[in-house]
1. In the range 7-37, how many are touching a residue at least 40 places away in the same chain (Cβ under 8 Å) and part of a loop (DSSP other than H, G, I, E, B)?
2. Evaluate the following for Ala50: is it part of a loop (DSSP other than H, G, I, E, B) and among the hydrophobic types (A, V, I, L, M, F, W, C)?
3. Residues that are in the same structural domain as Thr23 (by TED's automatic domain parsing), farther than 21 Å from Lys15 by Cβ and in contact (Cβ under 8 Å) with a residue 40 or more places away in the chain: does the range 154-177 have at least one?
4. Identify, from the list Glu128, Glu149, Glu203, the residue that is free of Cβ contacts under 8 Å to residues at least 12 places away in the same chain and surrounded by fewer than 17 Cβ atoms within 10 Å (Cβ to Cβ).
5. Quick check, is Arg107 at pLDDT below 95 and either under 19 Å from Gly43 (Cβ atoms) or not assigned by TED's automatic domain parsing to the domain that holds Thr38 (or both)?
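The values are calculated or read from the model by the stated rules, or taken from the named source; none is laboratory data. As the structure is a computational prediction, the values presented were derived from the model and not from experiment. Neighbour counts are summed over all protein chains in view; Cβ atoms, including those assigned to glycine, are modelled from backbone coordinates with ideal geometry.
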Amino acid sequence: MELNLTTASGNASKKTVEVSEETFNKDFNEALIHQVVTAYMAGSRAGTKAQKNRSAVSGGGAKPWRQKGTGRARSGTIRSPIWRSGGTTFAASNRDFAQKVNRKMYRSAMVSIVSELVRQERLVVLSELKMDGPKTKELAEILKTLNCENALIVTQDFEQNIYLSSRNLINIEYTDAQHINPVNMVRYDKVIMTADAVKKVEEMLK
């Protein structure tokens with residue numbers, strides 16, 4: 001199949017880019033995409049909260065007072081959860097939220113996402129996107145011309161000038177083709193890819 005190219009000025013180009021039906025024309029698998037997106041987001045959670053249980057707090061080597069004869073309730077340690085500065089009963093601990101996703105499942109989900117972007121006309125393929133320097137205003141004008149003010153920009157390789165130009169724009173994210181992921185692919189209204197990036201994504205998802 002062929003994807004139409006657009007220039008940075010918003011005009012349709014007479015050229016097209018040839019892509020594989022296996023990558024850009026697959027059925028939409030909502031359940032698989034949901035599973036992969038959820039797993040990806042879960043894997044990014046820190047899970048570093050922690051509290052001290054009764055074995056982790058300091059002190060408590062000896063009984064605070066003898067078992068009988070004091071008139072007070074018996075007590076074995078000052079680290080008891082019912083004591084002030086004692087341990088926490090059900091203490092939170094470091095946790096890994098990662099979920100296992102097979103490579104084949106991940107690749108299939110990405111193919112399904114890319115195919116759906118094409119079907120919904122949310123994938124904008126540019127013949128090229130070059131910037132002479134970090135010029136946020138210039139990039140904003142390009143995006144406005146393309147009617148893509150909530151978008152992910154993807155190039156074949158990392159472009160420092162595009163990154164610096166885009167980082168202060170609201171609802172705009174930039175990445176190279178090597179670092180696309182299911183979350184940023186579904187998050188934005190439009191995905192802008194250069195023709196070279198499209199070919200690289202196709203090669204990655206074979």
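1. Total satisfying the criteria: 11.
2. yes
3. No, the range 154-177 contains no residue that is in the same structural domain as Thr23 (by TED's automatic domain parsing), farther than 21 Å from Lys15 by Cβ and in contact (Cβ under 8 Å) with a residue 40 or more places away in the chain.
4. Answer to the check: Glu203.
5. Here the answer is no, as Arg107 does not meet what is asked.
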